[in-house]
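> Structure provided below as structure tokens; questions to follow.
The values are calculated or read from the model by the stated rules, or taken from the named source; none is laboratory data. Just so it is clear, the structure is predicted and the values come from calculations on it, not from any experiment. Cβ coordinates were reconstructed from backbone atoms using ideal geometry, including for glycine residues, and neighbour counts include every protein chain displayed.
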Amino acid sequence: MTTICLTDPPPAVGRASSGVAPLWKGVYGLAAGLVAVELAVSARYGFHRDELYFLACARHLAWGYVDQPPLVPAVAWLATHLFGTSPTALRILPALAGGATVVLTVLMARELGGRRKAQVVAGLAAATSPQVVSAFHLLSTTVFDLFFWGLVCYLVLRLLRVGDQRLWVAIGAAVGLGLLDKINVLFLMVGLVVGMFFGGQRRALVTPWTALGALVALVLWSPNLVWNAHHSWAALAMLQSLHHENASLGASIAFIPSQVIVVGPVLVVLWLAGLRDLLRSPWARPLGIAYLVVLGLFTLGGAKTYYLAAMYFVLFAAGGVWAEMRLDSRQPTKNTRGWVLLMAVGFIVALPLVVPVLSRSTLPTGSWESNINKDLSATVGWQELVQQVADVTKTVPGGERANLVIFTGDYGAAGAIDLWGPRYGLPHAISGHNSYWWWGPSGAHDGATTIAVDLPRPYLLTIFSEVTPAGAVHTPGDVWTEERGDPIWICRGQKQSWARAWPAARHYG
């Protein structure tokens, strides 16, 4: 069977299918393997800080939130109604999205002319890359961002290969749905437009179908735009806050070297070879240029290191084709056993660092070690925090408990109290953090005793005349988390109403 090399022109329109290799059937087993690994560890430790927040957002369904569009809270709502409220319930759909992304990577290798060996290598790379395994473990915006980027890249590759301009409608739909998850997909589209313009595919940009695809994307995204317009463009304020907090010269300098860790050291040769061959290809070159454009944008912007992770699926696909050609060029022809072994070793080494396969007692107790993967420690200690707050309320005289207010400085603590607090008789939490601020201090009684968590005393003294320390947040086994050591206060003598105090309570981050 002939192979379509990246350096060859795409088959003529109408004859494209004749040069495409059959899909390797084992891809579904490979995808199922990733799903099985993710679900096998899904119940370990507990909810992530962000997952507690998504559960809270799911109780306030809307077309937008300060820090995200509506998709993930809607997924959280769906998951809890289908499977119940548990870490595993929230993580079923992300795991399935991970399996689907592996399939998309193999399909991209097939579009690039890859036969079985190329598809095996590309699929294994997608399924074993540390950032991929880590991301698809949790419910987050990153999960679906990875999936939609992979879907858009696949559709663009297919458009470039077969020349069917109607695919712009499908691309627009994928982009529109991606924008309901995260705005990052716009960077991908900028990269692809630049790639097509400078990569010899300008004609593909100037068609009625391109305009129709853009319109489809805009229509799908429009409910979130309308929500933002009615909420003072809160998402833009959030983006400015995050940029101010995270962007720095150090972040820009570290962005490119960090990609080796994000993707996985054992996969470096594969994706670099894939990038080189994409850039050499007369028809697939726009994808290679798009990678460089987005890499440049994220480097200059000091983006988080994992923002570029989704672009590696198409590089894995091209790298798989490169690996297949090398294996077939040898005498005698080699199989993929060496690649499989290499990626298996990389996967096994990285696994304890990216998902909770080890005992909770092995988690770091120092902040430096926890930087290896903050997401693991962020799934520990939330029920204990609620229990600790409940214990503090027991020290409050009975007459003060009837209208007690719980005020937190971060959405994780607020989400935990909202989830588990009712079993201890606690009221729902109020917080000025992100979307919690927009939900307001509903139910908070003026003049009531307040338990404050993770808020500075000088700020609390602007609202209360008496702020008494009641302890600090502790974690099981003294595991380091961002909440460990946060102060807990008992506040009395309210000097201004919650309505007057609320504007100053807002903080994004």
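> Of everything in region 222-238, what is in contact (Cβ under 8 Å) with a residue 40 or more places away in the chain and either within 29 Å of T305 (Cα to Cα) or touching a helix residue (DSSP H, G or I) at 6+ places or on another chain (Cβ under 9 Å) (or both)? Give them in sequence order.
Within region 222-238, N224, W227, N228, H231, A234, A235, A237, M238 qualify.
> To continue, here is another question. Within region 69-90, does at least one residue satisfy the condition of being buried (at least 23 other Cβ atoms within 10 Å of the Cβ) and not in a helix (DSSP H, G or I)?
yes
> Between a first residue in region 100-126 that is on the phi > 0 side of the Ramachandran plot and a second residue that is modelled with pLDDT of 95 or more and not in a loop (DSSP other than H, G, I, E, B), which pairs have beta carbons less than 8 Å apart while being 6 or more apart in sequence or on different chains?
Within 8 Å, the pairs are G113/V321.
> Sticking with this structure for a sec: What residue, among those in region 485-498 that are surrounded by 13 or more Cβ atoms within 10 Å (Cβ to Cβ), in a strand (DSSP E or B) and not charged (D, E, K, R), is farthest from the chain's Cα centre (by Cα)?
So the residue we want is Q494.
> Report, by residue number, each residue of region 350-400 that is part of a helix (DSSP H, G or I), in contact with a helix residue (DSSP H, G or I) (Cβ under 7 Å, 6 or more places away or on another chain) and without any contact (Cβ under 8 Å) to a residue 40 or more places away in the chain.
A390
> Suppose the filter is surrounded by 16 or more Cβ atoms within 10 Å (Cβ to Cβ), of a type outside the set (S, T, Y), assigned by TED's automatic domain parsing to the domain that holds T395 and not in a helix (DSSP H, G or I); does A501 pass it?
no
> Please work out which residue is surrounded by the fewest Cβ atoms within 10 Å (Cβ to Cβ), limiting yourself to region 275-302 and to residues that are assigned to a helix (DSSP H, G or I) and over 24 Å from the mean Cα position of the chain (by Cα).
Top of the filtered list is R280.
> Next up: Tell me, yes or no, whether region 95-104 has at least one residue that is surrounded by fewer than 21 Cβ atoms within 10 Å (Cβ to Cβ) and in a loop (DSSP other than H, G, I, E, B).
No, region 95-104 contains no residue that is surrounded by fewer than 21 Cβ atoms within 10 Å (Cβ to Cβ) and in a loop (DSSP other than H, G, I, E, B).
> Answer yes or no as to whether L146 is in a helix (DSSP H, G or I) and either in contact with a Phe, Trp or Tyr (Cβ under 7 Å, 6 or more places away or on another chain) or free of Cβ contacts under 8 Å to residues at least 60 places away in the same chain (or both).
no
> Suppose we filter G432, G485 for residues that are farther than 29 Å from L236 by Cα and outside the structural domain of P87 (by TED's automatic domain parsing); which single one remains?
Being farther than 29 Å from L236 by Cα and outside the structural domain of P87 (by TED's automatic domain parsing) holds for just one of G432, G485, which is G485.
> What is the one condition in (1) at pLDDT 95 or above; (2) at negative phi that G84 does not satisfy?
(2)
> Would you confirm whether or not region 129-147 contains a residue that is surrounded by 24 or more Cβ atoms within 10 Å (Cβ to Cβ), over 12 Å from the mean Cα position of the chain (by Cα) and not charged (D, E, K, R)?
Checking region 129-147: at least one residue is surrounded by 24 or more Cβ atoms within 10 Å (Cβ to Cβ), over 12 Å from the mean Cα position of the chain (by Cα) and not charged (D, E, K, R).
> Out of the residues in region 330-378 meeting the condition of being surrounded by 14 or more Cβ atoms within 10 Å (Cβ to Cβ) and of a type in the set (F, W, Y), tell me which one is farthest from the chain's Cα centre (by Cα).
Looking at the filtered set, the residue picked out is W339.
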